[in-house]
Amino acid sequence: MDRVVRTAVVGYGTGGRVFHAPLIAADPRYELRMVATSNGERAADAAARYGDGVVVSGVDDVFARASELDLVVITSPNDTHGPLAHRALEAGLDVVVDKPFALSAAEAREVIAHAEAVGRRVTVFQNRRWDGDFLTVERLIGQGADGALGEVRQFESAFEWWKPEIGTKWKEVVTPGEGGGILFDLGPHLIDQAIRLFGPVDVATGVHAELDRRRPGSVTDDDSFVTLRHDNGVRSRLWFSAVSPWNRPRFRVVGSHAVFETEGLDPQEAQLKADLPVDDPEFGHGHPDGLLRSPESTSAVSLAPGAYPEFYRLLAEALTSGGPLPVDPRDSLLVLEIIEKAHEISHA
């Protein structure tokens, strides 16, 4: 690496405060130059953590000082992702966009085309590719038909909460057209994981969706189900819910020899919220073992440690040495095409 990546984080809600700023600040390949937030309480928190000189009051301040930057991380509300990505590219900067990449597939294509036209790099923060349970599933599937699972036929993935009352977060009170709803919130993670494991889907024929509104006063989906038929024949079944009193297994992979299941969520988000440093030996550890079950036996499988810092490590190599991006934005484009198809099917 021949330079440090000078970085601004736009937005300091959960995405900026819990994920991006701590990961960037902990990596010597980066310099966290700016955090943009107009919220006084959040600004005070950022200043206490990263220094008074880091905080700026808004995105205009970031672009006014674009010559001091190499990279902009966009983790503001969903409807700003596309417009701010264009502004960053126009300013000559590389871009990380938090999920969802954009509000529509058309908007995502425009951002990708803009990046190519100006010779800059754009990627999407699909951090759950580095969940420890997902990395373990990926390893087991990668063993192929001769591995412990055998030929994989079905994949089930669920991310469920128990929040029976609508909260105050913007994503719960705006419509899907503004980026609201649980499918726009969690779909980019679970759909991306399924595609990474089993490859593409014919969006016209390989998607089924049931998007429901369960909570009183809901204006968008809060209890949703999507199935994918991958081109290789595997079927993925994905659940997203804010109203589940008890949860399904996080992952359930059905093969011709055995079934692999995991329970609970990867610990990294909770650890980051608790301010556990990413270089702490315990970071990424602590998830209960998975279970591999067959007609003959049941055995515990230790899960790989989670590795969220890997996203920014790979990005630094891409930006300073020309390596591949940690996430190809075209992967996230396909995710948006599937989300659009799900809304079309369900009319939610």
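Per residue, how much accessible area does the range 5-125 show when a 1.4 Å probe rolls over the protein heavy atoms, in square angstrom? Write down the numbers at each step before the final one.
On the way: 4450 Å² over 121 residues.
In whole numbers, the range 5-125 has 37 Å² accessible per residue.
What does the charge count near Phe260 come to, summing +1 for each Lys or Arg and -1 for each Asp or Glu among other residues with Cβ under 9 Å from its Cβ?
Residues close to Phe260 contribute a combined charge of +1.
Kindly state, to the nearest 0.05, the FRET efficiency for Glu263 paired with Glu138, given R0 = 22 Å and r defined as their beta-carbon distance.
About 0.75, to the nearest 0.05.
Starting at the first residue of the range 176-183, write each ³J(HN,Hα) from the Karplus equation 6.51 cos²θ - 1.76 cosθ + 1.60 with θ = phi - 60°, in whole Hz, x for Gly and Pro.
x, x, 9, x, x, x, 6, 5
Using modelled amide H (1.01 Å from N, peptide plane; none on Pro or chain starts), what sits under 5 Å from the amide H of Gly150, excluding residues fewer than 5 places away?
His257
What angle, in degrees between 0 and 90 and rounded to the nearest 10, separates the Cα long axis of helix 81-90 from the longest principal axis of the Cα atoms of the chain?
50
Return the carbon/sulfur percentage of the accessible area of the chain, one whole number, probe 1.4 Å, all protein chains in place.
C and S atoms contribute 49 percent here.
Measuring with a 1.4 Å probe in the full set of protein chains, what accessible area per residue, in whole Å², belongs to the range 232-343?
I get 46 Å² per residue for this part.
Quick check: the angle from helix 132-142's long axis to the longest principal axis of the chain, C-alpha only, nearest 10 degrees?
On a 0 to 90 degree scale, this one is about 60.
If I fit a long axis through the Cα atoms of helix 309-321 and take the longest principal axis of the Cα atoms of the chain, what angle between them do I get, 0 to 90°, rounded to 10?
It is inclined by approximately 60 degrees.
Which aspartates and glutamates does Lys163 reach when only Cα atoms under 14 Å apart count, and residues fewer than 8 places away in its own chain are ignored?
Filter leaves Glu172, Asp221, Asp222, Asp223.
Pop out the ³J(HN,Hα) list for the range 227-235 in order, Karplus 6.51 cos²θ - 1.76 cosθ + 1.60 with θ = phi - 60°, rounded to Hz; leave Gly and Pro as x.
Whole-Hz 3J(HN,Hα) from phi for the range 227-235: 10, 10, 9, 6, 4, 8, x, 5, 10.
Under the Karplus relation 6.51 cos²θ - 1.76 cosθ + 1.60, θ = phi - 60°, what is the ordered set of whole-Hz ³J(HN,Hα) values for the range 216-225, x standing for Gly and Pro?
x, x, 5, 9, 8, 5, 9, 8, 9, 9
Below 24 Å, Cα to Cα, which lysines can Lys341 reach? Residues fewer than 8 away in the same chain don't count.
Partners found: Lys99, Lys171.
Which value in nm describes the separation of the simple spin-label points at Leu276 and Ala64, placed 7 Å from the Cα toward the beta carbon?
Between Leu276 and Ala64, the simple spin-label model gives 4.1 nm.
Please report the net charge: other residues with Cβ closer than 15 Å to the Cβ of Ala88, K and R +1, D and E -1.
Surrounding charge for Ala88 is -4.
So how far, in whole Å, is the C-alpha centre of the range 49-90 from the one of the range 1-47?
Cα centroid to Cα centroid, the span is 10 Å.
The values are calculated or read from the model by the stated rules, or taken from the named source; none is laboratory data. Note that this is a predicted model, so its numbers are computed, not measured. Glycine also receives a Cβ, built like all others from the backbone with ideal geometry; neighbour counts cover every protein chain displayed. Surface accessibility is based on the protein's heavy atoms, side chains included, excluding ligands, DNA and RNA. Shrake-Rupley method; radii C 1.70, N 1.55, O 1.52, S 1.80 Å.
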